[in-house]
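Q: Submitted below is the structure of interest, expressed as structure tokens.
A short reminder: the numbers here are calculations on the coordinates, not readings from a lab. From a predicted model like this one, the values you see are computed outputs, not experimental measurements. Positions of Cβ are backbone-derived with ideal geometry, glycine not excepted, and every protein chain shown enters the neighbour counts.
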Amino acid sequence: GRMAAALLLLRLLLAAGPGPGRADAGRERRDALREELLLSPLPTGDVAATFQFRTRWDADLQRGAVSHYRLFPKALGRLVAALGVRELHLALTQGFWRTRYWGQPPLQAPAGAELWVWFQPTVTDVDKAWKELSNILSGIFCASLNFIDSTNTVIPTASFKPLGLANGTDHHLLRYAVLPREVVCTENLTPWKKLLPCGSKAGLAVLLKAERLFHSSYHSQAVHIRPICRDASCLAVSWELRQTLTVVFDFFSSGQGKKDWSLFKMFSRTLTDTCPLASQSKVYVDISPKNKEKELLEVSPPPTSVHEAVVQGDKKTYAVYDLLSPSLFNTSRSLNVQLKWKRPQDSSEMPIPTLHAQRYVGGYGLQTGQICTLIYNTHPYRAFPVILLETVPWYLRLYVHTLTIITKGKENKPSYIHYQPAQDRRRPHLLEMLIQLPANSVTKITIQFERALLKWTEYPPDPNHGFYVGSSVLSALVPSVTAMKDVDVEQSPLFTSLFPSSDGSSYFVRLYTEPLLVNLPTPDFSMPYNVICLTCTVVAVCYGSFYNLLTRTFHVEEPSRGGLAKRLANVIRKFRGVPPL
Amino acid sequence: MAAPLVLVVLAAVTVRAALYRSSLAVFIAERVEVASPLNAWKRVVEGLALLDLGVSPYSGAIFHETPLIIYLFHFLIEYAELVFMITDVLTAVALYLAIQDFNKVVFKKQKLLIELDKYAPDVAELIQTPMDMHYIPLKVALFYLLNPYTVISCVAKSTCAINNFVIAFFILATIKGSAFLSAVFLALATYQSLYPLTLFAPALLYLLQRQFIPIKLKSKSFWLYTMQYASLYLCSLVVIICLSFFLLNSWDFIPSVYGFILSVPDLTPNIGLFWYFFAEMFEHFSLFFVCVFQINVFFYTIPLAIKLKEHPVFFMFVQLAIISIFKSYPTVGDVALYMAFLPVWSHLYRFLRNIFILSCVLIFCSFLFPVLWHLWIYAGSANSNFYYAITLTFNIGQILLISDYFYAFLRREYYLTHGLHLTRQDGTEAMLVLK
């Protein structure tokens, strides 16, 4: 009895023992950093590397005046607090993710710069806050985000639902802008790296060397800030900052003929130590077998563990290297993960993603044209709807009565259309549609436009290069082949918890199409003075003729007495002996 | 007279119907010379499609037609081709009837002036006889219906035809002497495209002449009649604008229609002078030059009214031409309207100085417009300056044509009062100069 009671007490104390200690430690350290690198070989032989750095901070940035920033960067924290930002997503991308050949990306971004922000309901002037926000971000990331103004900002109604905690979604608090002409370079990478707690000195960030990262087919760096539930009961709010960087190394240019990859080959560096501030630091390598029997890849050194998960509807196997486990670094101080192909890639077994799209400009000449979008649903028996968001600048005047959507030869009427026509020099066109894609079909969407002639000062420095039209956004819940279990955000890898999942039968995908390059007719830039003179001359001809006719009257001409010329002529005639005039 | 008119109408309808069915219809509808941002058919269809989607047509920058056009085509969209053909035919019939009446007025006035001995004795060959004037109304209808400009304007379904229709009925009402109908049609024309406001002056002068009210600034009856006519006009205009408000329950159409006409934000090329000028304008002076160009249309009215107060119909012709040349988005349909009046002044032919060159300029420019457009936009071997040059030449041709007719008119008036064979003080033949 007393022994049992003492044992019970002991057990309770032991259970509670680490508790206060942990709580003490928790009170001191309310933020946590997890780093992750996902290496996925792509069907075409290229390799995609996705870095994710997630800082989670159990503080309420909106309410309390927070002054002590530890892992969460102060620049972004103060931005969120001061401007009433609820969610912020900024992506800077160079290149295009070729969904058809590379598969569905974990997180895709359109070419150029993309910024979408949900503001808190307490913000009264959202446009003012948006302008300030884009200017501040432009300074933080050294990108020309200050070019975001009303001519390229839209308010989508259905496409960009909040990815974090949200109660009530008044879409007037959302702003979305894309700058397709924006170029990403080392200047943008450096401030992005500076926001990481360990910088680029320790942990996975040591691999981020600019000269290798930009020598790639696709480079996308993004910052995502959103509020999340602090725990399962969701009584308090934590803030999550995810910094993601996706890069695709091109087999042909950097593989040098051999398809075997290694960290050193890709990044010209190896992993040497872990970031001391990170609570978790892992490298995942996708070694899923393409067909059930044979393995495709061999990785060395041997991984610390193997993780299986259903990601984007497919069962996948990952080799996991936990950098915090002591066994990894005991032989050498560097970790160079190497991937060797066991058998040559067969192009016939390239899997086609369930949803992919492409977009192009049709027509000829500089007067009219049409934007054609092709959306492919390759699922054999399931149909699903997709939301298409198109933002077209005002100088391509869309004609919505020419919008045609054709699937399998028949017209396909969208169940929801939101169209906001453009106003010259003030806002762009916004077209959002919910289209049902039948199983195993191609849907072609065409809309005609007219090209406007702009004022000569509105053309960019190289006017004949053309004007960029930002990528259109496709958002869909794609039915998955394998049922997916609910994931616990804290336990599962970061790349599986990016998008909230409602149920296990479908997964959320956001795809972007190609940006378009469209030429506009140009005036002659060397001619302003000449044009002004010539047009005013024509007006003056009219004025002059009418002035003459209105103010003068007809008179009979009087003979002139003789001017100087006539008198001189008469003098010469007198010399010649000819009668005078 | 009815039978030849019916024949002309049938020929015109046949030509239009044939073109509607041919493949040229699409090509013509896209031409910028025929369809401007104000009156293109594609934009009318777009506006109706936006209305179907639940978006106000005036929320974007595509649709610049008045709400009454929405009313009209909401019900008649299926019969659009028929509507435009009937509009053209009615315009021609209205012009025919108007010129017929006008000829009677001219003849009566001429007879009165001859009896009052206002004319010089040797001007017999300048007097218009009923035989000469017999075929003029038919020629006017012919000139309007079979003018290539009118035909392609109709095939393109440009709402300029509706504009011309309202102005033609306004002219008919004015010449028939009905002040009320004249005011109503003038209000409709002004509501549709702002510039017919300037036709108020010639209409007023004609109606005053018809009522035998002398045009003196001190006369009470002059001011009374002017106030009556002006109030009729303004009231009809206000009623029409209020009716338009009730269509979409908003005043959005005012900046979209009138703000657009006056501020010229859309620089799509057309046959006028505005587009390239404002494409190449320094931003700082943009507002100033917009004001100057708009004032240019309205500013000839008062001087012309003073000079041509005895001849209000010629004044109306010159004013129509000035509107067609200097409006912000001119099309060939506007040019066709004033060209329809040229047969009325066919007796001035002997005094025209440059008619051959000017007609050649106008014809060549009409052919060169599509060629240089193709070279700029499709072939890429020319640039915008080529098209701009043809625009300038075409407008100079039109301006010189009108001033030539004006000169001929004034010269004939001088000869009528001073005699055809002028001699100088010493008996030798004299020359006339403008001094």
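Q: Test of understanding: extend the Cα→C-beta vector of residue B:288 to 7 Å, then name every residue of region B:253-267 with backbone N under 20 Å from that spot.
A: Flagged as within label range: B:263-265.
Q: Here's something else I'd like to know. I'd like the distance separating the alpha-carbon centroids of region A:131-207 and region A:44-114, in whole Å.
A: 7
Q: Quick check on region A:110-161: take the gyration tensor over C-alpha atoms, sort the square-rooted eigenvalues as a ≥ b ≥ c, and tell me if it's rounded (a/c under 1.5), prolate or oblate. Mind dumping the intermediate values first?
A: Details: a/c = 1.84, a/b = 1.23, b/c = 1.50.
Judged from the Cα gyration tensor, region A:110-161 comes out oblate (a/c at least 1.5, b/c at or above a/b).
Q: Of the beta bridges DSSP finds with both residues in the protein assembly as shown, what % are antiparallel, to the nearest 5? Please report the intermediate quantities before stating the final value.
A: Numbers: 138 of 145 bridges.
Expressed as a percentage, antiparallel bridges in the protein assembly as shown total about 95.
Q: What residue among B:145, B:186, B:97 shows peak mean-square fluctuation when chain B is described by a Gaussian network model with Cα springs under 10 Å?
A: B:97
Q: Obtain the nm distance between the two label points defined at residue B:124 and residue B:371 by a simple spin-label model: each point lies 7 Å from its Cα along the Cα-to-C-beta direction.
A: My value for the distance between the label points is 5.0 nm.
Q: Picking from B:396, B:306, B:167, which is most flexible by a Gaussian network model of chain B using Cα springs under 10 Å?
A: Top of the fluctuation ranking is B:306.
Q: Gap in Å between the Cα centre of region B:54-126 and the Cα centre of region B:205-256?
A: Each part's Cα centre sits 18 Å from the other's.
Q: Find the Rg to Rh ratio for region A:32-341, where Rh is the Kirkwood radius over alpha-carbon pairs and Rg uses the same atoms. Please report the intermediate quantities before stating the final value.
A: Details: Rg = 20.0 Å, Rh = 20.6 Å.
Rounded to two decimals, Rg/Rh equals 0.97.
Q: Sticking with this structure for a sec: Relative contact order of chain B, please, whole-number percent, based on alpha carbon pairs below 8 angstrom and at least 6 residues apart.
A: Values: 504 pairs, mean separation 88.9, N = 435.
Dividing the mean separation by the residue count of chain B yields 20 percent.
Q: Return the ratio Rg/(2.2 N^0.38 Å) for region B:243-287, where Rg is computed over Cα atoms only.
A: Details: Rg = 14.1 Å, N = 45, 2.2 N^0.38 = 9.3 Å.
Cα-based Rg divided by the globular estimate yields 1.51.
Q: For chain A, give me every cysteine whose Cβ has no other Cys Cβ within less than 4.7 Å, ordered by residue number.
A: A:142, A:185, A:372, A:533, A:536, A:542
Q: Could you let me know the centre-to-centre spacing of region A:347-405 and region B:303-331, using Cα atoms, in angstrom?
A: 52
Q: Let me ask something else. Which is the longest run of chain B containing none of the chymotrypsin sites (Phe, Trp or Tyr not before Pro) found in DSSP loop states (not H, G, I, E, B) with at most 16 other C-beta atoms within 10 Å?
A: Numbers: sites that count: B:135, B:212, B:251, B:282, B:299.
My reading of the result: B:300-435 is the longest stretch.
Q: Continuing with the same structure: Choose one of B:177, A:61, A:546: the residue whose Cα lies farthest towards the positive end of the charge dipole of the protein assembly as shown (beta-carbon charges +1 Lys, Arg; -1 Asp, Glu; about the Cα centre).
A: It is A:546.
Q: At what distance in nm do the modelled label points of residue A:360 and residue B:393 sit from each other, each positioned 7 Å from its Cα along Cα→Cβ?
A: 4.0
Q: Then there is this: At a threshold of 8 angstrom on Cα-Cα distance, excluding pairs fewer than six apart, so keeping six or more, what relative contact order does region B:97-241 reach in percent?
A: 21
Q: Would you mind checking A:201/A:485; A:455/B:307; A:259/A:408; B:220/B:435; A:131/A:161; A:444/B:157 for any pair whose Cα atoms are more than 32 angstrom apart? Don't skip to the answer; put the middle values down first.
A: Working: A:201/A:485 37 Å; A:455/B:307 40 Å; A:259/A:408 39 Å; B:220/B:435 35 Å; A:131/A:161 21 Å; A:444/B:157 30 Å.
Beyond 32 Å: A:201/A:485; A:455/B:307; A:259/A:408; B:220/B:435.
Q: A further question on this structure: Helix A:564-576 versus the longest principal axis of chain A: what angle, 0 to 90°, nearest 10, using Cα atoms?
A: For A:564-576 against chain A, the angle is about 50 degrees.
Q: Separate question: Among the chymotrypsin sites (Phe, Trp or Tyr not before Pro) within region A:387-422, which fall in a DSSP loop and have no more than 14 other Cβ atoms within 10 Å of their own Cβ?
A: Details: sites: A:394, A:395, A:399, A:416, A:419; in loops: A:394, A:395.
Answer by residue number: there is no such site.
Q: Compare B:62, B:99, B:363 in a GNM of chain B, Cα atoms joined below 10 Å, and give the one with the largest fluctuation.
A: Top of the fluctuation ranking is B:363.
Q: Also, I was wondering about something else. Quick one: B:134, A:356, B:374, fewest Cβ neighbours within 10 Å first, how do they rank?
A: Details: B:134 12, A:356 22, B:374 15.
The order, fewest Cβ neighbours first, is B:134, B:374, A:356.
Q: Filter the trypsin sites (Lys or Arg not before Pro) in region B:209-288 down to the DSSP loop ones having no more than 12 other Cβ atoms within 10 Å, then list what survives.
A: Values: sites: B:210, B:216, B:218, B:220; in loops: B:216, B:218.
Those that pass, being in a loop and sparsely packed, are B:216, B:218.
Q: At q = 0.06, 0.11, 0.12 Å⁻¹, what base-10 log of I(q)/I(0) does the Debye formula yield for chain A when every alpha carbon is treated as an equal point scatterer in vacuo?
A: -0.40, -1.12, -1.30
Q: Loop-only chymotrypsin sites (Phe, Trp or Tyr not before Pro) in region A:524-554, please: DSSP not H, G, I, E or B, and at most 14 other Cβ atoms within 10 Å.
A: Values: sites: A:525, A:529, A:543, A:546, A:547, A:554; in loops: A:525.
Listed in order of number, the matching sites are A:525.
Q: So what's the angle, to the nearest 10 degrees on a 0 to 90 scale, between helix B:220-248 and the longest Cα principal axis of chain B?
A: 10
Q: Right, another one. Enter the angle in degrees (range 0 to 90, nearest 10) between the Cα long axis of helix B:41-53 and the first principal axis of the Cα atoms of chain B, meaning the one along which they spread out most.
A: Value to nearest ten degrees: 40.
Q: Relative contact order for chain A using alpha-carbon pairs under 8 Å, separation at least 6, rounded to a whole percent?
A: Numbers: 1132 pairs, mean separation 82.9, N = 581.
14 percent.
Q: Still on this structure, I have one more. Of all the stretches in chain A, which is the longest one without any exposed loop site, taking trypsin sites (Lys or Arg not before Pro) in a DSSP loop (any state but H, G, I, E, B) with at most 12 other Cβ atoms within 10 Å?
A: Details: sites that count: A:63, A:201, A:258, A:292, A:294, A:333, A:342, A:408, A:426, A:485, A:552, A:561.
Result, exposed sites excluded: A:64-200.
Q: May I pose another question? In the protein assembly as shown, with Lys and Arg counted as +1 and Asp and Glu as -1 at Cβ, which of these residues, A:575, A:360, A:91, has the Cα nearest the positive end of the dipole, that is, farthest along it?
A: Of the candidates, A:575 comes out farthest on the positive side.
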